[in-house]
Every structure is written in C-alpha cells, then in structure tokens.
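The structure appears right after this line, and notes come after that.
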Amino acid sequence: MLRAGCRAALSHRPPPGSAPRRGAGEQRPGGAEAAAGGSLKRTPLDALHRSRGGRMVPFAGWSLPLHYGQGHLQSHLHTRRRCSLFDVSHMLQTRVYGRDRIRFMESLVVGDIAELKPGQGTLTLLTNERGGIMDDLIVTNTLEDHLYVVSNASCADKDLAIMRGRAAELQATGGDVHLEVLDNALLALQGPSMARVLQAGLSDDLAKLSFMNSITATVFGVPGCRVTRCGYTGEDGVEISVPAGQAVELAEQLLGVPEVWPAGLAARDSLRLEAGLCLYGNDIDETTTPAEAGLMWTLGKRRRAAMDFPGAAIIMAQLKEKPKRKRVGLTSVGPPIRPHMAILDPEGVPVGTVTSGCPSPSLGKNIAMGYVEAVHSRAGITLTVEVRKKQHPALVTKMPFVPTQYYVPK
C-alpha cells in the first residue's frame, strides 16, 4: 500500500528505498487467469473503468484496469507531476476488535503494534516459523478502538485463514478478539497535487495528517470514509476506504477534477519500482526473510528483544550472522531487465536473480531489483544481467531510484 510505505512518525520511517508496500503487491497481470475471465471478481468501480476505456486484465483473481486511453507512460508521468486515482479495492480489509487485539496481532507479525499511537499505522510482515514472509500488511491502530488491517489480494485467503485460526485459539483460552471483513472499496489518490484536490472535499484538515496516519472523515459528501496517508507510488498520497455503494460517487467526484486521471496496474507497478517498493510474490515471498529483503527496520526494538514472533530465532540469527543474499537495486542501459533474468559477476558466474524490472519513465533508463550474494550487494558494484543470452552491464544502485515524497508536517 505499500499501499506503500511504513510508519508516520519520523522516528519510525524506513531507510530510503527499503519499504515494500503493504500495498499491495501481487502477481503481475495476465497469464493463466486470462482464460478464466468469467470467474474473476469485480470491484465496485468495474463499470466506471470500462466506461472510461480501461483495458481490463486478470490480476490476483480480479478484473482490474491495466491502463486507460492515455497509455502507461503518460499515466506514470502524470502521477509524478500531478495526481492519479487507482482502484485498489481488490485488497483485503479487516477490522480486529477486542481487548486482546494487540496481543493477537503481535502473535502473527514482526511489528511493534503496541507502540502505535491512536490513528497511527505501520507496515509490518506476517512471517512463518521458518522466517519467511507470508505477506506484508498495513496495520493501523484506529481512533475507534479497533485495528484496521490491509492485506494483499493474492494472499487474502491465506491471511484470513491464519487470522481466523489464531483468533479461534485465543478465544478458546478466554481471549477477547474478533474479526470483521469489510466489503468497502479502496481508492488510492496519489501525486503531488493530491493534498489540494482532496482538501477541497475533506471535512478535516489534511495538513495535520502525517504519513501513515489515519482518520475517519467525510470525503466529497460521502461520510464514514477512512483516509490513510500512504500509498504505493512514492508520492504523497492517501488511500480511502469507502462504503462500496458510494464508491462510484466518490470516484466520479475525484475524477471530475481535470488534473486527476484514472490510472491502472501498469503505472502502479512502474511507480512502485521507481520508489524501491517490493511486490509480494516477486520481490518477497515465503522463501525470503526480512533480513534478506532489507526489511529489518520493520522489527521494533521490543520485538527483537522478546523474540516472540513467528520465525524469530531464524530471523535474529540472520541479523547477527548476516544473510548470505540481499535484495539490491540495479540500473542499466540497453534492453530492459525483466524478472527471472540471471545476474552474473564480471567473470560471468551467476550470483543472483532479477525479481522485478522495467524501463523507468522518470529516469529514462532501466531499473530493477533482485537478490544477489551478499558479497556483491554493495552500491557501486558493476554486475551483468543476461538478456536474450547476452550479458549487459548493470550497476548496483541504492533505492529508491526516484526520491520519495512522503508527507510529514514541519
């Protein structure tokens, strides 16, 4: 959501380029799901997408727009320069109630949920006993005495089964926790002019809402919307959880502002990669650990000391002994770098694999991320990537590739 981001307070902000999204990563659009078009789920904005010329594609079991008439490149650049609206209603939204809700959440994730102030959220990782990343989530300690959790669509069934199973275990021993799955739509308004556009229809003062903080507000006449300052583009942005029956009304209000364009999956993917944000299923999964992925900043000091989260022994041992492989950024010129391409050292010996890659619309060169042997992970090292059986130079580069613009009041 990534949607996106991490925590709001400066003391909780991640190292540049380290944050995955919550948000929001799932497998890339297309593939075998295309044959099952009739079984795809549709968001409340499906008809709106089609009426505006959205090219609909299968994505994590949903039908979603890949891009609109202006195309991927212009949509990407428009988001960087002005403002775009993304439909991320495919993501799982859950409320966690009860006096034991924090203990429940901390039994599943690595983050320090207890330290979150009212209205504050954090990106955290759902891990397994082997230290692998089951999903990346955003967990918000709302002002309304519940936790608000956003999960990736491709992990929705898995995450919900894990949460329901753990809740049942706690309830069986007298614990007070229960879950509510929301059917709200989720809209992401992203870009440098977001604040001006949204403030015109917001019941609260947006200038007081820091990165990764959340409020319930009326948005362009639609009451009961949850507005969280986060996103999956690296720009200043918000994600708005809105009752499904009023999602079209709100989207049309926002798209009625001339500088707000609808944007799809293609722009979302290239924007998040420029911002150095992980895509779940590509850059992180159950075979990668927080230490390997460069996501140890998601582990609070108290949680590290207590070692009371799934996979703690393996993850903390990797932190002490250093992981054998690390996630890195790469830049190159020439043919684009794509997932699954081999990364080689200067002698042509394979040392890693690309997990995400595309030409950067903002930078005019290729960007990618992948995992390499730790000895080759220092920024400035020149490696090669094998593209169509030919080796092309690739420079290990610090992320984000494009500076992020997350908002913190001065």
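The values are calculated or read from the model by the stated rules, or taken from the named source; none is laboratory data. Keep in mind it's a predicted model, so treat the numbers as computed, not measured. Don't worry about glycine lacking a Cβ; one is built from the backbone with ideal geometry, like all the others, and counts go over all protein chains shown. What goes into the accessible areas is simple: the full protein's heavy atoms, side chains included, and nothing from ligands, DNA or RNA. Shrake-Rupley method; radii C 1.70, N 1.55, O 1.52, S 1.80 Å.
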Want the number for Leu363 to Lys389: 0.36 nm per residue separation, take away the alpha-carbon distance, what's left? 6.8 nm
Surface share of carbon and sulfur [accessible, 1.4 angstrom probe, percent] for the chain: 54
Peptides ranked, highest mean first, by Cβ atoms within 10 Å: ranges 160-172, 245-257: 245-257, 160-172
Tell me the mean residue ellipticity at 222 nm calculated for the chain from its helices only (DSSP H runs of n ≥ 4, each -39500 (n - 2.57), averaged over every residue, nearest 500). -5500 deg cm²/dmol
Using the heavy atoms of the protein chains and a 1.4 angstrom probe, tell me the accessible area per residue for the chain in square angstrom. 39
Taking the Cβ of Pro192 as the centre, find all other residues whose Cβ is under 13 Å away and add up their charges (Lys, Arg: +1; Asp, Glu: -1). +1
In this structure, the FRET efficiency calculated for Ala47 and Arg378 from their beta-carbon separation, with R0 = 35 Å, to the nearest 0.05, is 0.10
Could you go through region 151-166 in sequence order and give the Karplus-derived ³J(HN,Hα) for each residue, using 6.51 cos²θ - 1.76 cosθ + 1.60 with θ = phi - 60°, rounded to whole Hz, and x for Gly and Pro? 10, 5, 4, 5, 10, 4, 4, 5, 4, 5, 5, 5, 5, 5, x, 5
Based on the alpha carbon coordinates of region 301-410, what radius of gyration and maximum Cα-Cα distance (Dmax) apply, in Å? 16.7, 51
Compactness index (Cα Rg / 2.2 N^0.38 Å), region 344-383: 1.26
Starting from the amide H of Lys41, placed 1.01 Å from N in the peptide plane, find each other amide H under 5 Å away whose residue is 5 or more places distant or on another chain. Trp62, Ser63
Could you give me the radius of gyration and the Dmax of region 161-298, taking only the C-alpha atoms into account and expressing both in angstrom? 17.9, 55
If each residue of separation counts as 0.36 nm, what is the full-extension length gain between Lys410 and Tyr97 once their alpha-carbon separation is subtracted? 109.3 nm
Under 23 Å between alpha carbons - lysine pairs in the chain that sit 8 or more apart or on different chains: 16
Counting only Cα, what are the radius of gyration and maximum Cα-Cα distance Dmax of region 223-321, in Å? 18.7, 54
Compute the orientation-averaged projected area for region 66-115 from the convex hull of its Cα atoms and round it to one decimal in nm². 6.1
A correct Kirkwood calculation over the Cα atoms of region 314-378 returns a hydrodynamic radius in Å of 12.7
Counted charge near Arg95, where neighbours are those whose Cβ lies closer than 13 Å (Asp, Glu -1; Lys, Arg +1): -2
Net charge around Leu45, counting only other residues with Cβ within less than 15 Å of its Cβ (Lys, Arg = +1; Asp, Glu = -1)? 0
Provide, as a two-decimal number, the C-alpha radius of gyration of the chain over 2.2 N^0.38 Å, N being how many residues it has. 0.94
Compactness ratio of region 55-204: Cα Rg over 2.2 N^0.38 Å, N = residue count? 1.21
To the nearest Å, what is the center-to-center distance of region 121-184 and region 79-120, using C-alpha atoms only? 9
Roughly speaking, what is the centre-to-centre gap between region 357-402 and region 278-327 when only Cα atoms are used, to the nearest Å? 23
